[in-house]
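To start, the structure itself, in structure tokens.
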Amino acid sequence: MADNLIQKKGESTWYCRLAVPADVRAAIGGKTVLIRSLQTGLRSEAMERRLAVLAEWKAQIAQARGKRAARGDAWKEPVANVAHGFAQATRKLKTDVALGEAEEPSTFDTEEVAVLYRGLFDDSPEGKQRREKADQVYIMTGVDGELANIDFATEMAPQLMAKVFGVTQQLSPIEEAEARQIFAKPDAHKPRSPITPARLKAYREFRESRGGAPKHVDQQVGKMDRLSTFLKEEELPLTFDTVDKWLKSLDRAPATLAQYLMAGTSFWKWATKYDAGWRREFQDKANPFMAHELPQGGGSEIAGLDREIYTPEDACKLHRAALENDDKPLADLIAMGWYTGARIEELCRLTKESVITVEGIRCFDFPKSKSKASKRVVPIHPNLLPIIDRLSAASLDGFLIPTDSQDRYGKRSHAISKAFGRLRTTAGFSRLYVFHGFRHTVVTALIRADVSDALAKELVGHEVGNVTHDTYSKGASTAQKFVAIKKLPTIPSH
């Protein structure tokens, strides 16, 4: 029957026939075979008409498999929950019977369950054995008889409940066998994390397709991967309470915990919108990452403390320490940070072509980095010009600051940033002193030199926050910027 055509005995009409794969029978009404009349006695016409019928059936099978694939193992948790509840109720019932405190048991009365129950006592060898055992238990009386009935019901329950779930959840024969195992030994079932590797992969691809910065995407996915590991190791479902337990296990500062919750909410919103299996599993469930009361304190000893700004003496000390450590590039970087207030990565990305002349004034042409305001032209402080000329003449790759290391996100400042951290510690500065502190130093020095707030922000690449300025103004002239830059305090050169 390779062509899926049959004729019934005594009929000339042709029928299309297709065996239903075992894994989707429950989803297709429990049928093992699909048959439909093609309403013709001509084989040639039947050959044509069968194609549309077969296409329809195969689409149904594909759809059923697609739903099962999207659903995954989500059906196991409710099975385990019911199994645990049944086991607990059974233990209580046996105790009550033994103490003479048992109430009249309730019975299932639905026709669907009754049909399934009768199916356990059919004419198969297994069904006959169950009938014989049921007859033996039935004639027992007294407490022993009641306990025997409970034991027999407990033995039959995995079979019956697996069949019930098989119908309601459209389980395949293999899945129904798994359900029987869970009902028989509910403690052997370990809750899985719904944050699966496949979902994390899909989430990463989604974030990347929307232009997410690689480092930020890695951080967000990494946090969810750590939560998934926690849920699997602790054998916990994903709920508000388990998220709270996870947060407490992290022992991080409140600000860091808030970032973990933000990552969780981002993942939750994506999953509920784009993952059909997640929507089914968590329908009507509230976002478990919301409304947490974060602890106060904890985490790093400097968490929540303001970063320090540098004085000219501080900058001179760091600059001298770098030279004494024979690290000329780091000494140059410190000087550039002092006289520009630029971000460390912005400085490491400056090239010989970044040094331009505007209105007769030599300037740095900073490209856009973190925001629209980061693209700016900043006059070079007179004390910095000899350094820039030397770096331009010595450059072998076009960059002003030489570095042979960058991280996996392409940041040139990775290694030299680490070197600055080591230098800072050796020079006796606390971790409250970071390279980014030069930005605060420059802004503070400009404001104290009576440079307007808008111009100070313009020089370091911050949004002014004023619609008129940000949207309509072309900003200060190069000459105005140069006057402001020259007001920065100088540090001794070496």
Q. When a footprinting reagent is the concern and you count Cβ atoms within 10 Å, what order do 224, 47 take, fewest first?
A. 47, 224
Q) So for the pair residue 399, residue 262, with labels modelled 7 Å out along Cα→Cβ, what separation do we get in nm? A) 2.8 nm
Q) Which of 393, 361, 337 sits farthest toward the positive end of the charge dipole of the stretch 312-485, with +1 on the Cβ of Lys and Arg and -1 on the Cβ of Asp and Glu? A) 337
(Q) List residues of the stretch 1-42, by number, whose backbone nitrogen lies under 12 Å from a label position 7 Å along Cα→C-beta of residue 48. (A) 42
Q: Describe numerically, in nm with one decimal, the distance between label points set 7 Å from Cα along Cα→Cβ at residue 155 and at residue 323.
A: 9.2 nm
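Test of understanding: ordering 246, 270 by Cβ neighbours within 10 Å, fewest first, what list do you get?
Working: 246 21, 270 18.
Ascending Cβ contact count within 10 Å gives the list 270, 246.
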(Q) Within 10 Å of each candidate Cβ there may be at most 15 other Cβ atoms; applying that plus a DSSP loop requirement, which GluC sites (Glu not before Pro) in the stretch 330-428 survive? (A) 359
Q | Exposure proxy ranking, count of Cβ atoms within 10 Å, fewest first, for 131, 49 | A | 131, 49
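Roughly speaking, what is the stretch gain from residue 143 to residue 219, that is 0.36 nm per residue apart minus the C-alpha to C-alpha distance, in nm to one decimal?
Values: separation 76, 0.36 × 76 = 27.36 nm, distance 6.16 nm.
Gain in length upon complete extension: 21.2 nm.
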Q: Place a +1 charge on the Cβ of each Lys and Arg in the stretch 312-485 and a -1 charge on the Cβ of each Asp and Glu, then give the dipole magnitude about the Cα centre in debye, rounded to the nearest 20.
A: 400 debye
Q) Given 201/368; 368/411; 215/411, which pairs have Cα atoms separated by over 21 Å? A) 201/368
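Please give the FRET efficiency for residue 365 paired with residue 251, using the beta carbon to beta carbon distance and R0 = 51 Å, rounded to the nearest 0.05.
Values: r = 45 Å, r/R0 = 0.88.
Efficiency computed from Cβ-Cβ geometry: 0.70.
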Q.
For the stretch 197-281, compute Rg over Rh where Rg is the Cα radius of gyration and Rh is the Kirkwood radius from the inverse mean 1/r over Cα pairs.
A. 0.96
**Q.** Convex hull volume of the stretch 350-396 per residue (C-alpha atoms, cubic angstrom)
**A.** 82 Å³
Q.
If R₀ is 41 angstrom, what is the calculated FRET efficiency for the pair residue 284 and residue 5, using the beta carbon separation as r and rounding to 0.05?
A. 0.30
Q: Search the structure for amide H atoms under 5 Å from the amide H of residue 358, placed 1.01 Å from N in the peptide plane, and list their residues when 5 or more places away or on another chain.
A: 363
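Note down the net charge around residue 15, summing +1 for each Lys or Arg and -1 for each Asp or Glu among other residues with Cβ under 15 Å from its Cβ.
Working: positive: 8, 9, 17, 31, 36, 43, 49, 50; negative: 3, 11, 45, 48, 56.
Overall, the nearby charge balance is +3.
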Q. What is the stretch 312-485's relative contact order, in percent, from Cα pairs under 8 angstrom and six or more apart in sequence?
A. 27 percent
(Q) If you consider only alpha-carbon coordinates, what radius of gyration and Dmax does the stretch 5-71 have, in Å? (A) 13.7, 45
Q.
Suppose the chain between residue 389 and residue 356 were pulled fully straight at 0.36 nm per residue; how much longer would it get relative to their current alpha carbon spacing?
A. 10.7 nm
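Rule-based calculations on the coordinates, nothing more; no lab input. Fair warning: this is a prediction, and the values are worked out from it, not measured in the lab. We place every Cβ from the backbone using ideal geometry, glycine too, and count neighbours over all the protein chains shown.
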